[in-house]
Amino acid sequence: MPLPQPVRALFQRLEATTLIAIIVIAGSLWAFIGLAAEMLEGDLHAFDEAVLLSLRVPGDPSLPIGGPQLQVAMRDLTALGGVTALSLLVLVVLAFLVMLRRRASALLLLVAILGGQGLSHLAKAGFDRPRPDLVPHGVDVMTASFPSGHSMMSAITYLTLAVMLARTERSLRVRVYFVAVAAVLAILIGVSRVYLGVHWPSDVLAGWSLGAAWALGVWLVARWLAQRGTIEPEKSAPGDPAPETGKI
């Protein structure tokens with residue numbers, strides 16, 4: 001069955017990179033919605049308990065595996081996803097972009113981070129899932145459990161910072177490095193939340209899904225605004241073709 005003309009025209013105007021990004025965003029949102037639905041129905045309880053207990057000493061759920069040294073390392077990692085650490089990092093990158101005279105990019109970054117924070121609070125308030133009570137908590141917590149705010153905001157913040165910094169770099173290897181480091185940090189922070197017993201694994205998976213979708217959406221918005229001259233253009237890597245106007 002042939003696609004309708006308006007749909008064909010839209011696909012012709014979109015670059016392959018943009019189409020891939022849209023597909024990944026859709027997949028991430030689908031994963032979040034699926035996790036939320038399963039969580040509300042209680043179907044994730046067995047999975048969550050099994051993963052949480054696998055990180056505890058057999059026969060003594062009060063003791064995480066790995067000993068005191070690993071516990072200290074996990075607390076250090078989880079702090080990297082806290083409000084203080086993320087706020088300081090965002091301020092540093094904002095100052096860097098302003099120094100490069102990329103003020104519009106800095107403004108977009110600020111709006112993206114604040115918007116992501118607002119989305120995280122709304123999601124937590126809407127689902128209002130209690131924190132795990134299966135094991136003792138390794139750090140103090142105050143808000144609801146689903147989705148994991150640390151996982152979501154670390155994905156949003158680190159990935160958004162990575163793609164905004166990548167726009168200032170010509171080297172493809174450096175761009176990939178930025179994104180890879182951001183992804184690894186987000187993963188480690190999410191794992192630390194489960195290890196410390198303050199989140200169910202499904203909370204973390206949902207936080208990663210929604211955070212990645214948001215960060216990738218910000219990247220698409222940045223590309224779209226740059227092609228219309230609203231924000232500074234992305235630096236082209238050596239050998240890249242000149243960007244075409246009118247495409248995303």
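Worth pointing out:
- Test: residue in the range 172-187 that is crowded, with 24+ Cβ neighbours inside 10 Å, modelled with pLDDT of 90 or more and touching a His at 6+ places or on another chain (Cβ under 6 Å): no
The rows are residues; the columns are (1) of a type in the set (Lys, Arg); (2) modelled with pLDDT of 65 or more.
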site	(1), (2)
TRP214	no, yes
ARG223	yes, yes
GLU232	no, yes
ALA242	no, no
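- Filter pass, GLY197 being at pLDDT 80 or above, in a loop (DSSP other than H, G, I, E, B) and within 30 Å of GLY67 (Cα to Cα): yes
- Within the range 82-109, residues that are over 23 Å from VAL141 (Cα atoms) and hydroxyl-bearing (Ser, Thr, Tyr) have Cβ atoms under 8 Å from residues that are assigned to a helix (DSSP H, G or I) and open to solvent by less than 90 Å² (accessible area, probe 1.4 Å) in these pairs: SER105/LEU97; SER105/MET164; SER105/ALA222, counting only partners at least 6 apart in sequence or on another chain.
- Some residue of the range 106-129 being part of a helix (DSSP H, G or I), within 16 Å of PHE32 (Cβ to Cβ) and touching a Ser or Thr at 6+ places or on another chain (Cβ under 7 Å): yes
- Selection of the range 135-145 for residues being open to solvent by less than 40 Å² (accessible area, probe 1.4 Å) and without any contact (Cβ under 8 Å) to a residue 40 or more places away in the chain yields only ALA144.
- Odd one out for VAL204, checked against (1) modelled with pLDDT under 90; (2) assigned to a helix (DSSP H, G or I); (3) under 20 Å from TYR158 (Cβ atoms): (1)
- Qualifying residue in the range 117-131 (condition: among the aromatic types (Phe, Trp, Tyr), open to solvent by 10 Å² or more (accessible area, probe 1.4 Å) and within 25 Å of VAL176 (Cβ to Cβ)): no
Okay, residues lined up against (1) farther than 30 Å from HIS137 by Cβ; (2) open to solvent by 40 Å² or more (accessible area, probe 1.4 Å); (3) modelled with pLDDT under 85:
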| position | (1), (2), (3) |
| --- | --- |
| LEU10 | yes, yes, yes |
| THR18 | yes, no, yes |
| VAL51 | no, yes, no |
| LEU80 | no, yes, no |
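- Which numbered condition VAL72 misses (of (1) without any contact (Cβ under 8 Å) to a residue 24 or more places away in the chain; (2) surrounded by 13 or more Cβ atoms within 10 Å (Cβ to Cβ)): (2)
- Test: residue in the range 59-70 that is of a type in the set (A, V, I, L, M) and part of a helix (DSSP H, G or I): yes
- Breaking point among (1) within 21 Å of SER151 (Cα to Cα); (2) surrounded by 15 or more Cβ atoms within 10 Å (Cβ to Cβ); (3) of a type in the set (Phe, Trp, Tyr), for PHE96: (1)
- If you go through the range 146-171 and pick out every residue that is of a type in the set (Ser, Thr, Tyr), modelled with pLDDT of 85 or more and either farther than 18 Å from ASP76 by Cβ or open to solvent by 30 Å² or more (accessible area, probe 1.4 Å) (or both), you end up with 1.
- Cβ pairs under 8 Å, 6+ apart, first in the range 22-40 and farther than 12 Å from PRO147 by Cα, second outside any helix (DSSP H, G or I) and open to solvent by less than 30 Å² (accessible area, probe 1.4 Å): ILE22/LEU14; GLU38/LEU44
- Contact annotation: no residue pair with Cβ atoms under 6 Å, 6 or more positions apart or on different chains, pairs a residue in the range 173-187 that is more than 12 Å from MET153 (Cα to Cα) and without any contact (Cβ under 8 Å) to a residue 24 or more places away in the chain with a partner that is of a type in the set (Asp, Glu) and outside any helix (DSSP H, G or I).
The values are calculated or read from the model by the stated rules, or taken from the named source; none is laboratory data. Not measured: the values here are computed from a predicted model. All Cβ positions, glycine included, derive from the backbone under ideal geometry; neighbour counts span all protein chains shown. Areas reflect the complete protein model, heavy atoms only, side chains present, ligands, DNA and RNA absent. Shrake-Rupley method; radii C 1.70, N 1.55, O 1.52, S 1.80 Å.
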